[in-house]
Amino acid sequence: MRLATWNVNSLKVRLPQTLDWLAQYQPDVLCLQETKSQDENFPSAAIAAAGYHPLYTGQKTYNGVALLSKQQTPGDVLTAIPDFDDPQKRVLAATYTKAGEGEIRVICVYVPNGDNIESDKYQYKLKWLRALRAWLQQELRRYPRLAVLGDFNIAPDDRDVYDPKLWAGQVLCSEPEREALRALLALGLHDSFRLFDQPDKSYTWWDYRMMGFRRNQGLRIDHILVSDALAKACTACVIDKATRKLDRPSDHAPLWADI
DNA sequence: ATGGCTTCATAGTGAAGA
């Protein structure tokens, strides 16, 4: 089973790249963030023509997440964190089954950015992460084979930051955010990227400005977290830097794992 | 250097991203 995640920064703009990516990498499930697409405008026909089943929950201008799967019949779909009042479309969960393998719970998340540590958005981010943790704890009880994929907007460690001194204490790197991420891992989840030897200076996001990508000035803020049961079965986790090199790229690279 | 790009909503600029 190949699971993947990509913050596309507008599915409308990145639809050709998304279709190319599906054809090239053949993921069983691709999680998308920042679709910026209202449900009535979602490009379902193009996705279906590529052989994928779309699930989506979107809003005007901002946020929006989707799950594209080879399986045509996802189960137990959720489009929000239960019992958490949030108008922003940031989560999507579904259950998939592949022949010969057990069912797998896939949760796509777009964690709030937080703006800066003094802002109300930062407090919203921390509150959101607490609600996510409580929900994932429930999900793990029901689904031992569980993966949480998405843009977490948190660099777990200084090695995930191109200039740790510049970013020390800043949003995406602050200790409360890192602690919130560790609290998710403490539920029994693993950062699948770190299950394997990886190149130094591996990142998933590079600023559009200041030639950030060409200078590899990036952050590793997109993650695939897998439960104990899936960690045992995980054979690879790879950042696809090539897609970040295309014309008119998203500022995030796709990330995929084989389980 | 709080900008530098990119997208969206909108029709000139402003918000948001990270």
Which residue is surrounded by the fewest Cβ atoms within 10 Å (Cβ to Cβ), if the candidates are limited to the stretch A:138-186 and must be within 20 Å of A:Q33 (Cα to Cα) and β-branched (V, I, T)? A:V171
Could you list, in sequence order, the residues of the stretch A:51-78 that are in a strand (DSSP E or B), closer than 10 Å to A:Q38 by Cα and of a type in the set (D, E, K, R)? none
Quick check: anything in the stretch A:121-137 under 21 Å from A:C237 (Cα atoms) and surrounded by 13 or more Cβ atoms within 10 Å (Cβ to Cβ)? no
Kindly establish whether A:K60 is without any contact (Cβ under 8 Å) to a residue 60 or more places away in the chain and of a type in the set (D, E, K, R). yes
When the residues of the stretch A:198-219 are narrowed to those that are surrounded by fewer than 17 Cβ atoms within 10 Å (Cβ to Cβ) and farther than 13 Å from A:R159 by Cβ, which ends up farthest from DNA strand B (Cβ to nearest atom)? A:N216
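Let's see how each residue does on (1) among the hydroxyl-bearing types (S, T, Y); (2) under 26 Å from A:K127 (Cα atoms); (3) within 16 Å of DNA strand B (Cβ to nearest atom):
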position: A:L166; (1), (2), (3): no, yes, yes
position: A:L184; (1), (2), (3): no, yes, no
position: A:F196; (1), (2), (3): no, no, no
position: A:A229; (1), (2), (3): no, no, no
position: A:K245; (1), (2), (3): no, no, yes
Answer with yes or no whether A:D222 is buried (at least 24 other Cβ atoms within 10 Å of the Cβ) and within 16 Å of DNA strand B (Cβ to nearest atom). yes
Checked A:L22, A:L30 against criteria (more than 15 Å from DNA strand B (Cβ to nearest atom), within 15 Å of the chain's Cα centre (by Cα), under 27 Å from A:A242 (Cα atoms) and touching a residue at least 24 places away in the same chain (Cβ under 8 Å)); the one match is A:L30
Got a number for residues in the stretch A:225-252 being buried (at least 22 other Cβ atoms within 10 Å of the Cβ) and part of a loop (DSSP other than H, G, I, E, B)? 1
Identify all residues within the stretch A:12-32 that are aliphatic (A, V, I, L, M) and either touching an Asp or Glu at 6+ places or on another chain (Cβ under 7 Å) or surrounded by 24 or more Cβ atoms within 10 Å (Cβ to Cβ) (or both); write none if there are none. A:V29, A:L30, A:L32
Hey, could you check the stretch A:127-163 for residues that are within 16 Å of DNA strand B (Cβ to nearest atom) and assigned to a loop (DSSP other than H, G, I, E, B) and say which is farthest from A:L189 (Cα to Cα)? A:D163
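Bear in mind that the values in this text are calculations on the coordinates, not laboratory data. Quick caveat, the model's predicted, so the values are computed rather than measured. Neighbour counts are summed over all protein chains in view; Cβ atoms, including those assigned to glycine, are modelled from backbone coordinates with ideal geometry.
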